[in-house]
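Q: First, the structure itself, so that you have it in front of you.
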Amino acid sequence: MHFWKHLHTINHHRWLVCRYCFRLGLYWQGLTHDLSKYSPREFWVGVRYFQGDHSPNDAERKAQGYSSSWMHHKGRNRHHFEYWTDYLRDGSGIGGVEMPKKYVAEMFCDRLAASKVYRGKDFQPGDPYAFFLKGKGRRLLIHPATEALLETILLKLRDEGEDFGRKLKEAGNQVEVHRIKDALHGFFALGIQFLHVRESFTYMNAFLQKEA
C-alpha cells in the first residue's frame, strides 16, 4: 500500500496544474482540477495500484481488464477529451464533440504537469508531445479540431523550448540553454515585471557580455 506516496503525487500534480492554470487566467479550473481523485472510488484504486512513474489506472487496467478509477474520473473532469463525447447528429454512432478552448488549455496544463511529475529530473519539453504521438491516429473519440489544437500547443512547447536551442547549437551557432523552472510558453511577452521575464534577462545579459 502506498497511501502517502499516492497522496503526494496527487497533491504535487494538482499544485503544478493550478499554477499553470492561474497563469492562463483559469483560476476556477486550477482550483478544482482533479478533485475527483480524492474520492474513495479513485483514491483507493490509486493507492492499490500506485506506480510512481506512470498512472495507476494503467496497472488496474492490466490487472482487471478495465480501470474503474478512470471510468469514474473521465465523466467528472472536462479537461479530458473523453468527457466530450455524444451521439453524432448523422446517426453514425458516438463521436467526439469539439472541446471549448479553456478546457483544451487545462488539458495542456494537465499533460505538462503529469510529464513533470512522472519524469522528474529527466523531464524534457518534448515529453508531453511524445506521449501525444503514442495515441495519435488511435483516438476514435476526440474531435479533429481539438486534436489539432492540442498538437499545435504541444509542438510549441517542444520546438520553441530546449529542443530548438539544441538544434541551433548543432547548426554551429553560439548557444546556451537555460531551463527556467515552471515557465510556460509565451511568458516573455507579459513584460519585464512579471513571472520569469527578469530572470530570463539576467541570463541573456550575461551571455551577451560573455560573447562581447
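Q: Return the loop-located trypsin sites (Lys or Arg not before Pro) in region 25-102 (DSSP other than H, G, I, E, B) with at most 13 other Cβ atoms within 10 Å of their own Cβ; answer none if there are none.
A: Loop-located and lightly packed - ARG89.
Q: Over region 6-113, give the accessible area per residue in Å² for a 1.4 Å probe, as an integer.
A: The answer is 54 Å² per residue.
Q: Can you list which of the GluC sites (Glu not before Pro) found in region 84-157 are DSSP loop residues with at most 16 other C-beta atoms within 10 Å?
A: Here the sparse-neighbourhood loop sites are GLU98.
Q: Shape call for region 46-178 from the C-alpha gyration tensor, a ≥ b ≥ c root eigenvalues: rounded (a/c under 1.5), prolate (a/b greater than b/c) or oblate?
A: Cα axes put region 46-178 in the oblate bin.
Q: I want the local charge near SER36. Using Cβ-Cβ distances under 9 Å, sum +1 for each Lys or Arg and -1 for each Asp or Glu among the other residues.
A: Once all neighbours under 9 Å are counted, the net charge is +1.
Q: Next question. Can you check how the C-alpha radius of gyration of region 1-55 compares to 2.2 N^0.38 Å, as a plain ratio?
A: Working it through for region 1-55, the quotient is 1.20.
The values are calculated or read from the model by the stated rules, or taken from the named source; none is laboratory data. Remember, it's a predicted structure, so these values are computed and weren't measured experimentally. Heads up, the Cβs are rebuilt from the backbone with ideal geometry, glycines too, and the neighbour counts pull from every protein chain shown. Quick note on the areas: whole protein, heavy atoms, side chains included, nothing else; ligands and nucleic acids left out. Shrake-Rupley method; radii C 1.70, N 1.55, O 1.52, S 1.80 Å.
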